[in-house]
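Asker: Got a structure here, written out as structure tokens. Questions coming.
The values are calculated or read from the model by the stated rules, or taken from the named source; none is laboratory data. A quick note: this is a predicted structure, and the numbers were derived from the prediction, not measured. Note that each Cβ is placed from the backbone with ideal geometry, even for glycine, and that neighbours are counted across all protein chains shown. Surface accessibility is based on the protein's heavy atoms, side chains included, excluding ligands, DNA and RNA. Shrake-Rupley method; radii C 1.70, N 1.55, O 1.52, S 1.80 Å.
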Amino acid sequence: MLAQVTTETGANVGALYLPVPNEQVMRMAVVFGVSARIAVPWSRVAMAAPVPVAEVARRRRPVWIPSHDELARRYPRTGLALPYQVAMGVSPLLSGGSVKGVLLLLWPGTHAPDLSLQESGEIDDASRRIIRFLVQAETDGDPLRPGEEPYAVDLPPSGLWADSEARAAADLSERLREGYAALDLDGRITFLSSRAAELLGTGRRELMGVRPWEILPWLHDPAYEHCYLAALFSRLPTFFNAMKPPDKWLSLALYPDRTGVSVRVTALEGHQGEPEPTVAPPVTPHARAGTLSYLMHLSASLSEAVGVKEVTDAVTEQIMPVINAQGLALVVADGSRLRVLATTGFPGGALNDFNGLPLSTDAPSIRVLETGTALFYADTQEMQRAYPRMAAFYAQRASFAYLPLIAGGRTVGCCVLGYEEPHAFPLDERTALTSLAAMIAQALERATLYDTKNQVARGLQAALLPGVLTRIPGLDTAARYLPASRGMDIGGDFYDVLRLDETTAAAVIGDVQGHNVNAAALMGQVRIAVHAYATSGARPGEVLARTNRLLMDLRSDLFASCVYVQLDLRSGRTLLATAGHPPPLLRLADHRTEVLDVPPGLLLGIEHDAEYRTVETFLPPGAVLALYTDGLVERPGVDLGVAIDELAGQLAAARPHSLDALADTLVDHVRGRSPLSDDVALLLLSPEHPES
């Protein structure tokens, strides 16, 4: 069924992903169009990963990506891991409200911007047939389970050529000046003309059945295998030049189809380089293109993480399922002892085995910290011989990898991987795991610096914001503050309520440009200035004008928006002035709500002699005045005026039992945004009803 839908829709590659029981991971069970070896880097997908297969499984709706540019824009991690000119369609396989699997198809990047009706129909029909098959297998008690590697479906022989015709085709290739070769879907040579062998400089016997970049030293650079993969995935011709030592330049043209890749090899007679010594085969393996894509995929997971917790979450939730380890612990040196940053999958946890362990202990994690060299134990017998005192720990898993976390030239910790079965750790896997550990270390170092800076900044902000609003008789107040959830340090949002005299109160809300310590410090200066000028009896417009001049005198590069309100609690007379801030909202006791027409004024810190108009309104008992920062209303692609009107509608429709409940109602709709792109501050003011 997979081969049929791939062929009928004109796709290059088809893959069926199935959920793994009791794991938050999707695994490729079947693939068509490439070999299982080539598909492996993309065969395990963590459900939490921001990639098409995982998103389709989570949201249960199909995704269509017409080009690699669109893939890179919407799913940058997948764009890195699959850097080929392809179009992608991903569909959920749903039955009874549950996801039975995910169908993925790849087309050449030259595909039309949209799927045709015929293609969509064939995908829908194939999806129904695959779902019926999966459900029936479950009903029969023999559900389809993905293996360690995907099962690669082969095309049946074409049967187009008789033996005599095949021999005539081979004779034809022998008569041509160019060399010709054929590679299968796994990159192995299945046909090679004599001229091709001559140009490549190796006998036909040595080349048949092998991948050319694995046996020809001058093709060891992963870029050459990348050209093969680009042709294979995109089904588009690919061309490159390579120099065969000492000075012979060759041109290679790759022509792919669903059976493999044909290669034309031509000598570039006028493209001679300087003589060089023959290159000897390297003694250490080069990273293959599939391995590079695998590492880029994991690197992208880490590059998106901000703080230490996000790094450890990325490792445990997204990376660990992909590398197929069942236990993981991240430990770092903390003074003279070990400290566990994260652990999962070890029976009983790893805290007792690592946390607080003196650095003088004879243990593999300590040895890795001391030497910066990875340790691999294929089975518990190896571990027992090396560290006989660790019997309790090595009994938890069958094999282990201890990887140094090296950042800035020093070993800062150790990543411990545990496997349920004995694990051989071939050389290329050791290289990949060691590279992965280096990425984790760099991400942790960056995240630690971020958390330290963020802790200082948030501490400063917390000290400057009022812990509890001033209680003013005759005025009910409520405030909410939501920090940006990621990618920011802190915001410059602030608010406060002041008592000016027995019958007068004031309120202020503002937003300083920026998200750092400088913004927090300036926010504190603005808040203090407003306090000082407000208590002097100045009208709202004058309070903002004086505060603006102070900011200009401070010569800060930042600016601020602000709303200042002065309320007469006996009469309800209310004076307002704004400096480039979103307008307040006024809801009357009967729930009629309006956006107050207040002249916006210039932002504070823009022009030294800026003036700010004071306007007057009336705030009767039971009315609510809502002051807010732009984080509550601004959304990409939505006009600010429309967003403010929507907030006014929410304020009018809300029927909470208290002002605090009303504040929760108004911020609830932004709590679900992930991540919040800006801080949110909300301040509600309501004159209390007179005592009856």
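Asker: Which numbered condition trips up Trp64, out of (1) under 18 Å from Gln24 (Cα atoms); (2) open to solvent by 10 Å² or more (accessible area, probe 1.4 Å); (3) assigned to a strand (DSSP E or B); (4) not polar (S, T, N, Q)?
Answerer: Here Trp64 meets the rest and fails (1).
Asker: Given (1) touching a residue at least 60 places away in the same chain (Cβ under 8 Å); (2) assigned to a helix (DSSP H, G or I), identify the lone condition not met by Tyr224.
Answerer: All conditions pass for Tyr224, except number (1).
Asker: Here's something else I'd like to know. Select from the range 243-259 the residues that are within 26 Å of Val13 (Cβ to Cβ), at pLDDT below 90 and either open to solvent by less than 30 Å² (accessible area, probe 1.4 Å) or among the charged types (D, E, K, R) (or both) and list them in ascending order.
Answerer: Asp257, Arg258
Asker: Where the second residue is charged (D, E, K, R) and surrounded by 18 or more Cβ atoms within 10 Å (Cβ to Cβ) and the first is under 16 Å from Arg339 (Cα atoms) and lies in the range 399-422, which pairs have Cβ atoms under 7 Å and are six or more apart or on separate chains?
Answerer: Close Cβ pairs satisfying both conditions: Val412/Glu445.
Asker: Name the residue, out of Val31, Val56, that is over 21 Å from Met320 (Cβ atoms), in a helix (DSSP H, G or I) and open to solvent by less than 10 Å² (accessible area, probe 1.4 Å).
Answerer: Exactly one residue qualifies, and that residue is Val56.
Listed here are the residues, each with its yes/no results for (1) of a type outside the set (A, V, I, L, M); (2) in contact with a helix residue (DSSP H, G or I) (Cβ under 7 Å, 6 or more places away or on another chain).
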residue	(1), (2)
Ala401	no, yes
Gly409	yes, no
Leu417	no, no
Pro422	yes, no
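Asker: Kindly list the number of the only condition in (1) closer than 18 Å to Asn324 by Cα; (2) at pLDDT 85 or above that fails for Val40.
Answerer: (2)
Asker: So, one more: Yes or no: the range 111-124 includes at least one residue that is of a type in the set (Ser, Thr, Tyr) and touching a residue at least 40 places away in the same chain (Cβ under 8 Å).
Answerer: no
Asker: With Ala126, Ala181, Ala152, Ala137 as the choices, which residue is out of contact with any His (no Cβ under 9 Å at 6 or more places or on another chain) and under 19 Å from Val263 (Cα atoms)?
Answerer: Residue meeting the stated conditions: Ala181.
Asker: How do the pairs read when you match residues in the range 660-676 that are at pLDDT 80 or above with residues anywhere that are in a loop (DSSP other than H, G, I, E, B) and loosely packed, with under 15 Cβ neighbours inside 10 Å, using Cβ under 8 Å and keeping only pairs 6 or more apart or on different chains?
Answerer: Leu662/Pro656; Asp664/Pro656; Thr665/Pro656
Asker: Out of the residues in the range 208-221 that are part of a helix (DSSP H, G or I) and at pLDDT below 90, state the one that is most open to solvent (accessible area, probe 1.4 Å).
Answerer: Glu214
Asker: Moving on. Would you be able to say whether some residue in the range 575-596 is at pLDDT below 90, among the charged types (D, E, K, R) and open to solvent by 10 Å² or more (accessible area, probe 1.4 Å)?
Answerer: Scanning the range 575-596 turns up no residue that is at pLDDT below 90, among the charged types (D, E, K, R) and open to solvent by 10 Å² or more (accessible area, probe 1.4 Å).
Asker: Moving to a separate point now. Filter the range 361-383 down to residues that are of a type in the set (Val, Ile, Thr) and more than 15 Å from Arg339 (Cα to Cα), then give me how many there are.
Answerer: Looking only at that region, the number is 3.
Asker: Residues of the range 128-152 being touching a Ser or Thr at 6+ places or on another chain (Cβ under 9 Å), within 15 Å of Leu2 (Cβ to Cβ) and in contact (Cβ under 8 Å) with a residue 40 or more places away in the chain, which ones?
Answerer: Leu134, Pro146, Pro150, Ala152
Asker: Now a separate question. Give me the residue from the range 605-619 that is modelled with pLDDT of 90 or more and surrounded by 20 or more Cβ atoms within 10 Å (Cβ to Cβ) and, out of that set, farthest from the chain's Cα centre (by Cα).
Answerer: Filtering the range 605-619 for residues that are modelled with pLDDT of 90 or more and surrounded by 20 or more Cβ atoms within 10 Å (Cβ to Cβ), the one farthest from the chain's Cα centre (by Cα) comes out as Leu619.
Asker: Under the condition of being under 30 Å from the mean Cα position of the chain (by Cα), of a type in the set (A, V, I, L, M) and open to solvent by 30 Å² or more (accessible area, probe 1.4 Å), which residue from the range 100-138 is nearest to Tyr255 (Cα to Cα)?
Answerer: So, considering only residues that are under 30 Å from the mean Cα position of the chain (by Cα), of a type in the set (A, V, I, L, M) and open to solvent by 30 Å² or more (accessible area, probe 1.4 Å), the one nearest to Tyr255 (Cα to Cα) is Ala112.
Asker: Moving on. For Gly622, state whether it is open to solvent by 10 Å² or more (accessible area, probe 1.4 Å), touching a residue at least 40 places away in the same chain (Cβ under 8 Å) and under 16 Å from Arg549 (Cα atoms).
Answerer: no
Asker: Inspect all residues belonging to the range 139-149 and state whether any of them is over 35 Å from the mean Cα position of the chain (by Cα), at pLDDT below 90, basic (Lys, Arg) and open to solvent by 60 Å² or more (accessible area, probe 1.4 Å).
Answerer: No, because not a single residue in the range 139-149 is over 35 Å from the mean Cα position of the chain (by Cα), at pLDDT below 90, basic (Lys, Arg) and open to solvent by 60 Å² or more (accessible area, probe 1.4 Å).
Asker: If we keep just the residues of the range 625-651 that are of a type in the set (D, E, K, R) and part of a helix (DSSP H, G or I), which is least open to solvent (accessible area, probe 1.4 Å)?
Answerer: The residue in question is Asp630.
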